[in-house]
1. Going residue by residue through the range 44-66, is there one that turns out to be touching a strand residue (DSSP E or B) at 6+ places or on another chain (Cβ under 9 Å), away from ligand 2 (no atom under 15 Å from the Cβ) and open to solvent by 50 Å² or more (accessible area, probe 1.4 Å)?
2. Checking residue 29 against (1) over 20 Å from residue 80 (Cα atoms); (2) open to solvent by 60 Å² or more (accessible area, probe 1.4 Å); (3) more than 16 Å from ligand 2 (Cβ to nearest atom); (4) at pLDDT below 95, which test does it fail?
3. Residue 141 is checked against (1) at pLDDT 95 or above; (2) of a type outside the set (A, V, I, L, M, F, W, C); (3) within 16 Å of ligand 2 (Cβ to nearest atom) and fails just one. What number does that condition carry?
4. Please tell me if residue 202 is touching a residue at least 40 places away in the same chain (Cβ under 8 Å), out of contact with any helix residue (DSSP H, G or I) (no Cβ under 8 Å at 6 or more places or on another chain), open to solvent by 20 Å² or more (accessible area, probe 1.4 Å) and within 14 Å of residue 154 (Cα to Cα).
5. So which residues in the range 67-79 are surrounded by 17 or more Cβ atoms within 10 Å (Cβ to Cβ) and hydrophobic (A, V, I, L, M, F, W, C), if there are any at all?
6. Quick one: which strands (runs of 3 or more DSSP E) lie wholly within the range 85-186 and hold at least 3 residues that are more than 16 Å from ligand 1 (Cβ to nearest atom) and open to solvent by 10 Å² or more (accessible area, probe 1.4 Å)?
Amino acid sequence: MIPSCNVHIEIIGICLLLLLGCGLINGTETDLFCLRSIKNSLKDPLNYLSSSWNFENKTEGAICRFTGVECWHPDENKVLNIKLSDMGLEGQFPLGIRNCSSLTGLDLSSNKLSGELPPDIGTIITFVTTLDLSSNGFSGTIPASLANCSYLNDLKLDNNRLSGQIPPQLGQLGRLKMFNVANNLLTGQIPSFGKNKFSADNFAHNPGLCGEPLDSCESTSKNPRVAVIVGAAVGGVLFAAIAVIIGMFFYFRRAVKMRKKDDDPEENKWARSLKSIKGTKAS
Ligand SMILES: *[C@@H]1O[C@H](CO)[C@@H](O)[C@H](O)[C@H]1NC(C)=O
Ligand SMILES: *[C@@H]1O[C@H](CO)[C@@H](O)[C@H](O)[C@H]1NC(C)=O
Ligand SMILES: *[C@@H]1O[C@H](CO)[C@@H](O)[C@H](O)[C@H]1NC(C)=O
């Protein structure tokens, strides 16, 4: 604590007051760095950020009045939520968010963001309870590291161009109450989230998703193992049918033979009884 305080005295010269003050400045500097880096990494053609995110005001809590920024306390530069929905923002997922280390919610929905999501997104926004990246142009696969965001309640990735399989690890997110990946390019098995947890709407309009709550993956015979099983089943049924036909052939042949044997005594009996009736009538 004391060496880091000395560094700040040399560099900024603000840390003359208290060790507590030094800690406070450390905490807020990283959030300032975070927002500055987000602003620098995004294209902002509608000037939402450039008109509001003014870093000239050094007063503690000034960033809490920025458009789309919510702080833990209005007079402390410690960012709680970032909500930048529908602002025409362009560019890639802003990696500077890593430095908003107390962030609990991120909403970048309905912008024109593109490119792949960072593979280590789970370490960038570890503590978020809400992540909404819906209605952008994100592509590539859904990072498995999202499974490390164990506080996630709401995860919205719908209306992007995400492809590949949904990482099975996401099934481990025990607090998820909302999960939406509709309108992407996803394929393969849906992770097991628990029965009836999310409706089919949340997975709709993807070219190749299967499994609960959609149709089971076995009905699509893309999987070679499934094809082998289906082939074996069809072969088994054919074999059984042939066996039954052969069996029936022999059964009927035997039955016909037996009937031929039985036929004569029947006829004889019939003839005899006829004769006897005729005989009684005649007498
Ligand atoms: C931003 O975060 C990175 C990675 O956690 C860290 O190394 C860096 O020191 C942070 N920058 C500031 C200004 O806090
Ligand atoms: C700087 O921010 C503080 C706190 O948000 C505010 O009260 C003050 O008016 C701002 N100063 C300027 C020059 O905008
Ligand atoms: C989660 O974090 C741990 C520790 O950092 C790491 O070993 C693991 O691979 C991560 N899980 C995923 C799915 O990325």
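1. Scanning the range 44-66 turns up at least one residue that is touching a strand residue (DSSP E or B) at 6+ places or on another chain (Cβ under 9 Å), away from ligand 2 (no atom under 15 Å from the Cβ) and open to solvent by 50 Å² or more (accessible area, probe 1.4 Å).
2. Single failed check for residue 29: (1).
3. (3)
4. Values: touching a residue at least 40 places away in the same chain (Cβ under 8 Å): yes; out of contact with any helix residue (DSSP H, G or I) (no Cβ under 8 Å at 6 or more places or on another chain): yes; open to solvent by 20 Å² or more (accessible area, probe 1.4 Å): yes; within 14 Å of residue 154 (Cα to Cα): yes.
It is true that residue 202 is touching a residue at least 40 places away in the same chain (Cβ under 8 Å), out of contact with any helix residue (DSSP H, G or I) (no Cβ under 8 Å at 6 or more places or on another chain), open to solvent by 20 Å² or more (accessible area, probe 1.4 Å) and within 14 Å of residue 154 (Cα to Cα).
5. Those that are surrounded by 17 or more Cβ atoms within 10 Å (Cβ to Cβ) and hydrophobic (A, V, I, L, M, F, W, C): 69, 71, 79.
6. Working: elements: 105-107, 112-116, 130-132, 137-140, 154-156, 161-164, 178-180.
The qualifying strands (runs of 3 or more DSSP E) are 112-116, 137-140, 161-164.
The values are calculated or read from the model by the stated rules, or taken from the named source; none is laboratory data. Computed from a predicted structure; not experimentally measured. Using ideal geometry, Cβ is built from the backbone for each residue, glycine included, and neighbour counts are taken over all protein chains shown. Side chains are part of the model used for accessible areas, which takes the heavy atoms of the whole protein and leaves out ligands, DNA and RNA. Shrake-Rupley method; radii C 1.70, N 1.55, O 1.52, S 1.80 Å.
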